[in-house]
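Trainee: Before I ask anything, here is the structure I am working with.
The values are calculated or read from the model by the stated rules, or taken from the named source; none is laboratory data. Keep in mind it's a predicted model, so treat the numbers as computed, not measured. For neighbour counting, all protein chains shown are included, and Cβ atoms are generated from backbone atoms with ideal geometry for every residue, glycine included. What goes into the accessible areas is simple: the full protein's heavy atoms, side chains included, and nothing from ligands, DNA or RNA. Shrake-Rupley method; radii C 1.70, N 1.55, O 1.52, S 1.80 Å.
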Amino acid sequence: MDATLTRLTHLVAGKDMRLASASAVILAELAPRDPAVTSALKEALEKSDGTLRSFVIDALGRIGTPQAADALVPCIQAGGPVSEEALRAVAHAGAGALKPLAKMLPKAPPDLQPKLAEAIVRTGERQGFAAVVEELREPETARAIREGVRHAISGLDEKARGALLAQLTRALGAATFVKNESAAVAALEMVGDLRDADALQLLLKHTGKDATPRARGAALRSIGMLRLDADKRGRLAGKLLPLLHETDFSHTVEPTLRALDGADIGGEHRRALEKLVASTFPEVREFAMRALAVHATPRTLAELIKCLDDPDRTVREDAAQALARAPNAAVPLSEKLAAVDDGEASRTIANVLREMADGIPDRVVTRLAQAYVELAAGAKRKAKAGESEDDLRRNADARRGALLLVLRAAGKSTLASEALKEARALRTKGEPQRALSLLRSVAGVEGWNEEHRVEQALAGLAVTPLDLSRTARAADPNLRLLEEAVSGSAFRPKELARQVLKDRTLSRRIQYYVGHHFAERMQSGREFGREILVALAKNARSEEGKQAKQKLAVEGLLKGAPAKKRGILEERAEVLMAAADLAAKSRAEEDLKEQRRQARERCAQKNAFRQPAKRVRWKTVETKPKKKSAQKNAKKR
């Protein structure tokens, strides 16, 4: 040992903590493998405080000799933050630290064993891997070692990973090792942590019937962790699908589902999947249904749709989710929705079908629309045994909501057309209330237009009290709908009036109610009301005819009235506009006065510039001297 190292070792062992810490840092950088330096650092470690201890531990870890690793063993066994520092430092020691760490591993406390195993594996040495795998034979340490190895694997390079896999493969090939269930399970789980696709065949060997349930479950879960694409994972179906028929869910069925998760299972396994649809485990049923839906045939779709009638709710939901993945399931699902009587099943189907509603053919959409119209119009089916009227009503509401959900998602005008046709038929049969309920339920759907508004208004007028007071008419929604139709471009006033007058389902009282209201409107609405009242006034003997003629006269709309005759609407407008007209006239007069004043000012300024300046003539005025007052007085005397 040269003089520099000798001086540094003396300073490390000295009482000056600053010099000792600085010397330890320098020794960590130099990392001399001299036993005297290691002994000095070990002595300093035993006597040092918290500040110096960290620098000494780092220096011993950098030196990395077996003697240095032995010096760190007491710190590792002490536990706490010091133990973690020592483990991090010994990880840099490499092969030199393996022997003392492996010797300490079996006798270490349970909470320290995972950290020791992690430190050994992080060295990346084969001897360390062999020592760790060998210790798996002990049931007390197997789980702790596996936990430590799991944390260390993420820091290994590809070469070290390959070495660890080779060591695990060698151990799992030994019959004595495999008979130890704890060791086999831990080793198989460590293989899965490596995620190496080359380990597939090794894991498949341990999924047979000769393996213990725990070992088989560990192998299957590890297969699920391997980096396999959908095609390679689908090739495992022939070997793994039979395992889903077993009754041990935790050790066999659930790990098998993990192993097949994301697999592209071909059509050759269709029969095996169809058998799994009847499994007692919901997870297996869902898996089988999803796999069948990917390569859906008419027979497969029929089997899945049959599951929608299952009394078990989970079976229905699994079948619906599987059908959602089938590209050609829109038509059979739509036909099932139109025919099903159960409200809950209808909702389940509708939630799936709305995502593929744009692919439903027009003929099927028409059938769905007809089914909805029948329900919305109030059609009822016979109650089943034990089914009350409330249950029947709730079931019908659920079915109607499901059908409407799908029809809205389809985005076609079929529902609006079918509803309009049915509403007109119901009004003709004398059932305006059902027609009104139907039209209200489909208001705003695709294809809803002015014809639907007029039909809804006419159906509503047939069941609404006809109160002629202005307040009641202002709150009548049916008149609002007619006002929208009159102000729109779909109907001319005469055409709409002709439609109202020719409608046999509308009484003359309803017609007069409409004409009375619109005669007080403006523009096209007034013309619409006039046409209705004129037609009613032709029958002068009826009460409505007399009222219509009187209303025409009041509003100034009666044919043949004097030209100067004004109706109540014009008079009301004149009264309402009188104040505004007066204010406008006053403003006009003020504006005229202001304009005249400004004109005079401009004219005066203009003349001032044109007139020449006047010449000033100076005149000489002769003044006579005034006489003195004395002379005046003398003359007077």
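Trainee: Among 582-589, 111-118, how do they line up from the highest to the lowest mean number of other beta-carbon atoms within 10 Å?
Mentor: 111-118, 582-589
Trainee: A follow-up question, please. Of LYS502/LYS546; LYS205/LYS239; LYS502/LYS549; LYS159/LYS232, which sit over 22 Å apart, Cα to Cα? If you can, show how the numbers build up before the last one.
Mentor: Working: LYS502/LYS546 20 Å; LYS205/LYS239 11 Å; LYS502/LYS549 20 Å; LYS159/LYS232 25 Å.
Violating the 22 Å limit, Cα to Cα: LYS159/LYS232.
Trainee: Moving on. Once neighbouring chains are kept in place and the probe is 1.4 Å, which whole percent of the accessible area of the chain is contributed by carbon and sulfur? Walk me through the intermediate numbers first.
Mentor: Working: 18100 of 35710 Å².
Carbon plus sulfur share of accessible area: 51 percent.
Trainee: Then there's this: Go through GLU531, GLU594 and list them by solvent-accessible area, largest first, probe radius 1.4 Å.
Mentor: Values: GLU531 50, GLU594 75 Å².
Reading off the accessible areas and sorting them downward yields GLU594, GLU531.
Trainee: Using a simple spin-label model with points 7 Å from Cα along the Cα→Cβ vector, what separation in nm is obtained for ARG143 and LYS15?
Mentor: Going from the ARG143 label point to the LYS15 one covers 5.2 nm.
Trainee: Still on this structure, please answer the following. Would you work out the relative contact order for region 300-402, in percent, from Cα pairs under 8 angstrom that are 6 or more residues apart? All intermediate terms of the calculation are to be shown ahead of the outcome.
Mentor: Values: 89 pairs, mean separation 30.4, N = 103.
Relative contact order here is 29 percent.
Trainee: Also: Give me the net charge for the shell around GLU118: Cβ to Cβ below 12 angstrom, other residues only, Lys and Arg +1, Asp and Glu -1. Mind showing how you got there, number by number?
Mentor: Values: positive: ARG88, LYS115, ARG122, ARG146, ARG150; negative: GLU84, GLU147.
Residues near GLU118 contribute +3 overall.
Trainee: Here's a follow-up. Bins of 10 Å, beginning at zero and ending with the bin holding the largest distance: percent of Cα pairs per bin for region 156-242, please.
Mentor: Calculated over all Cα pairs of region 156-242, the distribution is 18, 52, 27, 3 percent.
Trainee: For region 161-267, run through the GluC sites (Glu not before Pro) and keep only the ones in DSSP coil with at most 16 other Cβ atoms within 10 Å of their Cβ.
Mentor: Working: sites: GLU181, GLU189, GLU246; in loops: GLU246.
Taking region 161-267 and a limit of 16 other Cβ atoms within 10 Å, the loop GluC sites (Glu not before Pro) found are GLU246.
Trainee: Counting pairs of alpha carbon atoms under 8 Å apart in space and at least six apart in sequence, what relative contact order in percent does the chain give? Don't skip to the end; give the middle numbers.
Mentor: Details: 798 pairs, mean separation 27.6, N = 637.
Relative contact order comes out at 4 percent.
Trainee: Measuring from the lowest to the highest alpha carbon on each principal axis, how far does region 292-331 reach, largest first, in angstroms?
Mentor: Extents along the principal axes: 25, 17, 16 Å.
Trainee: Quick one: Kirkwood hydrodynamic radius for region 202-262, alpha-carbon pairs, angstrom, one decimal? Could you put the intermediate results ahead of the total?
Mentor: Values: mean 1/r = 0.0890 Å⁻¹.
Kirkwood radius, region 202-262: 11.2 Å.
Trainee: Follow-up. By the scheme Lys and Arg +1, Asp and Glu -1, what is the net charge of all other residues having a beta-carbon under 12 Å from that of SER542?
Mentor: Details: positive: ARG508, ARG509, LYS538, ARG541, LYS546, LYS549; negative: GLU543, GLU544.
Its environment carries a net charge of +4.
Trainee: Between the DSSP loop rule and a limit of at most 11 other Cβ atoms within 10 Å, which trypsin sites (Lys or Arg not before Pro) in region 11-48 are left?
Mentor: Numbers: sites: LYS15, ARG18, ARG33, LYS42, LYS47; in loops: LYS15, ARG33.
Taking region 11-48 and a limit of 11 other Cβ atoms within 10 Å, the loop trypsin sites (Lys or Arg not before Pro) found are LYS15.
Trainee: Based only on the alpha carbon positions, what is the Kirkwood hydrodynamic radius of the chain, in angstrom? Show your work: numbers first, answer last.
Mentor: Values: mean 1/r = 0.0278 Å⁻¹.
Evaluated over the chain, this radius sits at 36.0 Å.
Trainee: Per residue and in cubic angstrom, what volume does the convex hull of the Cα atoms of region 1-158 have?
Mentor: Values: hull volume 16.0 nm³, N = 158.
Normalising the Cα hull of region 1-158 by residue number yields 101 Å³.
Trainee: For region 148-183 and region 277-297, compute the distance between their C-alpha centroids and round to whole Å.
Mentor: What the calculation gives is 36 Å, centre to centre.
Trainee: Heavy-atom accessible area per residue, the chain, 1.4 Å probe: how many Å²? It would help to have the intermediate numbers written out before the result.
Mentor: Values: 35710 Å² over 637 residues.
Ligands and nucleic acids excluded, the result is 56 Å² per residue.
Trainee: Two decimals, Cα atoms only, Kirkwood Rh: what is Rg/Rh over region 253-404? Don't skip to the answer; put the middle values down first.
Mentor: Details: Rg = 16.8 Å, Rh = 16.4 Å.
Rounded to two decimals, Rg/Rh equals 1.02.
Trainee: Need one word for region 230-305: rounded, prolate or oblate. Basis is the Cα gyration tensor (sqrt eigenvalues a ≥ b ≥ c); a/c below 1.5 gives rounded, then a/b vs b/c decides. Write out the running numbers ahead of the final one.
Mentor: Numbers: a/c = 2.04, a/b = 1.26, b/c = 1.63.
Note, shape of region 230-305 comes out oblate.
Trainee: In the neighborhood of ILE153, defined by Cβ-to-Cβ distances under 10 Å, what is the net charge if each Lys or Arg adds +1 and each Asp or Glu adds -1?
Mentor: Details: positive: ARG122, ARG150, ARG161, ARG195; negative: GLU118, ASP193.
With Lys, Arg at +1 and Asp, Glu at -1, the neighbours total +2.
Trainee: Okay, moving on. Grab the beta carbon distance between ASP198 and LYS47, set R0 = 45 Å, and tell me the FRET efficiency rounded to 0.05. Walk me through the numbers on the way to the answer.
Mentor: Details: r = 52 Å, r/R0 = 1.15.
Here the calculated transfer efficiency is 0.30.
Trainee: Kirkwood Rh over alpha-carbon pairs of region 132-174, then Stokes-Einstein at 10 °C and 1.306 mPa s: what D in µm² s⁻¹, rounded to an integer?
Mentor: Details: Rh = 11.0 Å.
Using the Kirkwood radius from Cα pairs, D works out to 144 µm²/s.
Trainee: Between LEU30 and ARG504, what is 0.36 nm times their sequence separation minus the Cα-Cα distance? Round to one decimal in nm. Don't skip to the end; give the middle numbers.
Mentor: Values: separation 474, 0.36 × 474 = 170.64 nm, distance 11.08 nm.
Value of the extension gain: 159.6 nm.
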